[in-house]
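Have a look at the structure below before the remarks.
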Amino acid sequence: MVRTDYGQPGSISSPAGPPSGHGRRLTFRQWIRRHRVAPYLLLLPSLALIAALVLWPTAQIGTLSFQNYGLPQLAGAAPSTWIGFSNYSQILHDPEFWLSLRLSVISAAIMVPLTLTVGTLVGLLLARLGRKMAAFVSSVAVLAWATPTVSASIIFVWLATPDGGVLDWLLTKLPHWLGGGAHWAGFSWTNAALPAYTLVTLLVVWTGFPFIAVSVLAGLRTIPSELHESARVDGAGGWRIFWQVTYPLLRPIFQLLFLLSVIWDFAVFTQVYIIIGGLGQRDEYNLGIYEYATAFQLPPAYGLASAAAFILTIVLLIITVGYVRASVKEGALT
Amino acid sequence: MGLRKTPAALVAFGTAAALAIAGCSSSSSSTGTSTSSSSSAPAELTVWRMGGSVPSEVTWMNGVVTQFHQDFPQYAHTKVNVVWVPWTSRTTDWDTALSSGKNAPDITELGNTDTPTEATLGVLASVSSYVNSWSGKPGIVTGMLANDTQNGSIYGVPWFGGVRGVWYRTDQFAKAGITSAPTTWTELVTDAQKLMKTFPGTYGIDAITDDSNAFASFIWGAGGQIATESNGTWTADLTTPADETAIKYYVSLYRTDHLSPSKYIGQTELGNTGSTAGGANTDFGLGKLDLYIDGPWASAQMPANSVDKSNWASFPIPSENGPTPAPVFAGGSDLGIFKSSKYPQASWDLISVMDNLSNSTSFANLQGFFPPYSSQLTSGPYTANKFLSGFAAAAANSQIAPLNAKNWPTADTGKYFILNDMLKSLMNGAPFASTVAQANAQLQAVLNTGAES
């Protein structure tokens, strides 16, 4: 019933007139070809979608971050006022902000390398396995990836519950020299930041590594086997082959995976929210939880939270842009 | 929600387009609305209740609705919808309902500490005109109604009230050789230790970190105050000697006496934030916890397979040196009308049925609360009942301030969790003096300004 006419010739009503000097009108098709606009027309639908779903909310958040915008303003009981950078200075002077930023940075700094390492190792393993075994291992791994975040988080909460959770049980059964022992009985994984984020890290790595593994495997399949063979004939071991043959060839893939992992792991929210059990534990907030709590906890401060969100966006943009520039220079992402 | 809206909107748009194309535009728009004859009778009233749905309370509510339809024939066709909201997400849900304008209640239950704040935030409609001409008003406990009054306007009516005490099991006391309930802090620890020794594998008492309403009794029981107000300015008192004694004692229940397990750090009496099970309540119900601090209303959240229910009893939270119990926080719930309700009159009429003397009393009895009517409190069966007598004794000595201060919810579980975080840090080994001093400064700032700095 409703037709979407994006990018179809008929939807452009008045193309620019033909360049002077030509007697006859160009057809629309010729006009497109002459001005090389076809790629842009094809990009238009996704650009419009990104603009509607990303750019517009970002602009809104940007506007709100300079306003005193809370519940009275939302309800229309009081007008919103422009307050300059006061939201930003309030955020930057809030010790809680720095604590949550620290937790986000530290946890990402551990999660990203761990996910990449585990993923790569599994990818290398998959490349060596026989067809049946590879199918089995990869489908089991992808199952972890496909588990909805909320379900996976709840599973982890249950695994680690002090009341008969399998994790505590296992740790009490471990021999003493492996760190096991009776003191693990009833150990609470959620009552402090360190154990809680250990659990979050395990969860993020578990659900994150299959994507890395599958991507690395896909990359490995593109490397001609002669390269590995000749390296082996020259006497290189597995370690050396990886760093001197595999890694340089797959560098673009690794760089992309690294970038994606940084973005994902820095913005981890759902897992943390479920594992720390809501917003009750301020000392266990990461940046995402901090923003959410600022926005919606009593009294709601949407302006303040927007400033916090904008700061996070800028930090991520700096990392991303810097990284993409470096990669483009190296020719990796082109 | 946002994602699901899109296809619906598209479908609606598509349907409209199809209708327009087909040329039948006019008659379809007016169906489904205005079936009721009178404009003042709503087709539906939505009531938000706090907590998890409890069958007996649902039955009670059905009875109230039947009465409502009988007493007010003009609402005979009004459907009453009850929505259960978890206590911990109530503020967020009120905000969301008010800001989105969608799924908002007409009537909402509020914790009595919420009412002053929500009234100031503009979530509640003033009910002064209704209350002042209400037959129930003269019987309501004056202090409870005063708590719902802001700047001369009334924003809610007290529905039920209650106090916390210590739950125990009489058979366990007998077996452990405890002949009378403890009346000092030293006795409380000694008795908890006896119980743990007699019943290996159990925890003595629950020193949870996330229930300021209960923890307040320890501060007050040492003769201290959490914060005091004078000329509209709050002074936080956590660094006074009495408060420090109380904080040290409470933390020592976990750290030095090992009466409380580490998993209770960061938990409410009902478990993780937002849960209604899996915390100290479940442990007490299953016989894994010997002494449990909560109000009688917690019976509703006890596990179905609770053990030894017939021996449940209560004693008041002891004060530091006895023999009078520690003052307790006078908790409870109010009923208010949501600002955005289109039917304030109908909502009030329903409230007047829910909160009349006989209904509020039967409701209070149902869940182990006390009704808000003075006459019911002074007599009544409460003092004779083994389970309720401890709570009734505690209720004789109650206090609300500063837990009803305008910014208290912000300082407490609304945003800053100041006392919770302080206790949690201390139990996790943070240095005493600096942690308490920091919490004190933070509390004073938030109580006065609504923000940390």
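A short reminder: the numbers here are calculations on the coordinates, not readings from a lab. Small disclaimer: the values here were computed from a predicted structure and weren't measured. Note that each Cβ is placed from the backbone with ideal geometry, even for glycine, and that neighbours are counted across all protein chains shown.
Please state which one of A:LEU71, A:LEU99 is crowded, with 16+ Cβ neighbours inside 10 Å, within 23 Å of A:THR201 (Cα to Cα) and within 14 Å of chain B (Cβ to nearest Cβ).
Step by step, each of A:LEU71, A:LEU99 is checked, and only A:LEU99 is crowded, with 16+ Cβ neighbours inside 10 Å, within 23 Å of A:THR201 (Cα to Cα) and within 14 Å of chain B (Cβ to nearest Cβ).
Say whether the condition of being more than 18 Å from B:ALA326 (Cα to Cα) and either surrounded by 18 or more Cβ atoms within 10 Å (Cβ to Cβ) or of a type in the set (Lys, Arg) (or both) is met by at least one residue in the range B:215-226.
no
Would you point out which residue out of A:PRO248, A:PRO252 is within 26 Å of A:GLY322 (Cβ to Cβ), free of Cβ contacts under 8 Å to residues at least 12 places away in the same chain and not charged (D, E, K, R)?
Step by step, each of A:PRO248, A:PRO252 is checked, and only A:PRO248 is within 26 Å of A:GLY322 (Cβ to Cβ), free of Cβ contacts under 8 Å to residues at least 12 places away in the same chain and not charged (D, E, K, R).
Quick one: would you say B:ASN359 is of a type outside the set (Val, Ile, Thr), in contact (Cβ under 8 Å) with a residue 40 or more places away in the chain, under 30 Å from B:HIS69 (Cα atoms) and more than 11 Å from chain A (Cβ to nearest Cβ)?
Taking the combined requirement at face value, the residue satisfies it.
Any chance the range B:65-87 includes a residue that's within 14 Å of another protein chain (Cβ to nearest Cβ) and of a type outside the set (Asp, Glu)?
Within the range B:65-87, one or more residues are within 14 Å of another protein chain (Cβ to nearest Cβ) and of a type outside the set (Asp, Glu).
Given the criterion buried (at least 17 other Cβ atoms within 10 Å of the Cβ), in contact (Cβ under 8 Å) with a residue 12 or more places away in the chain, β-branched (Val, Ile, Thr) and out of contact with any Leu (no Cβ under 9 Å at 6 or more places or on another chain), identify the matching residue among A:THR207, A:THR172.
Going through A:THR207, A:THR172 in turn, the sole match is A:THR207.
How many residues, within the range A:279-334, are assigned to a loop (DSSP other than H, G, I, E, B) and more than 24 Å from A:THR81 (Cβ to Cβ)?
Of the residues in that region, 9 qualify.
Could you say whether any residue in the range A:177-193 is assigned to a helix (DSSP H, G or I) and under 30 Å from the mean Cα position of the chain (by Cα)?
Yes, because at least one residue in the range A:177-193 is assigned to a helix (DSSP H, G or I) and under 30 Å from the mean Cα position of the chain (by Cα).
Mind listing just one residue for me: the one in the range B:403-453 that is under 26 Å from B:LEU259 (Cβ atoms), among the β-branched types (Val, Ile, Thr) and touching a residue at least 40 places away in the same chain (Cβ under 8 Å) and, of those, surrounded by the fewest Cβ atoms within 10 Å (Cβ to Cβ)?
B:VAL436
Looking at this structure, is B:THR268 within 17 Å of the chain's Cα centre (by Cα) and either under 28 Å from B:ALA222 (Cα atoms) or more than 14 Å from every other protein chain (Cβ to nearest Cβ) (or both)?
In short, yes.
For A:ALA152, indicate whether it is within 10 Å of another protein chain (Cβ to nearest Cβ), within 30 Å of A:LEU260 (Cα to Cα) and not in a loop (DSSP other than H, G, I, E, B).
no
Which ones in the range B:118-139 are touching an Asp or Glu at 6+ places or on another chain (Cβ under 7 Å) and surrounded by fewer than 22 Cβ atoms within 10 Å (Cβ to Cβ)?
Passing the criteria: only B:GLY136.
Does B:ASP106 satisfy the condition of being in contact (Cβ under 8 Å) with a residue 24 or more places away in the chain, in contact with a helix residue (DSSP H, G or I) (Cβ under 6 Å, 6 or more places away or on another chain), among the charged types (D, E, K, R) and under 23 Å from B:ASN356 (Cβ atoms)?
Judged against the criteria, B:ASP106 is a match.
Residue by residue, here is whether (1) of a type in the set (Gly, Ala, Ser); (2) more than 12 Å from chain B (Cβ to nearest Cβ) holds:
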| residue | (1), (2) |
| --- | --- |
| A:SER261 | yes, yes |
| A:PHE266 | no, yes |
| A:GLN271 | no, yes |
| A:GLN281 | no, no |
| A:TYR290 | no, no |
| A:GLN297 | no, no |
| A:ALA308 | yes, yes |
| A:LEU312 | no, yes |
| A:LEU317 | no, yes |
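Residue check: is A:LEU114 surrounded by 13 or more Cβ atoms within 10 Å (Cβ to Cβ), within 30 Å of A:THR246 (Cβ to Cβ) and of a type outside the set (Asp, Glu)?
Criteria met by A:LEU114.
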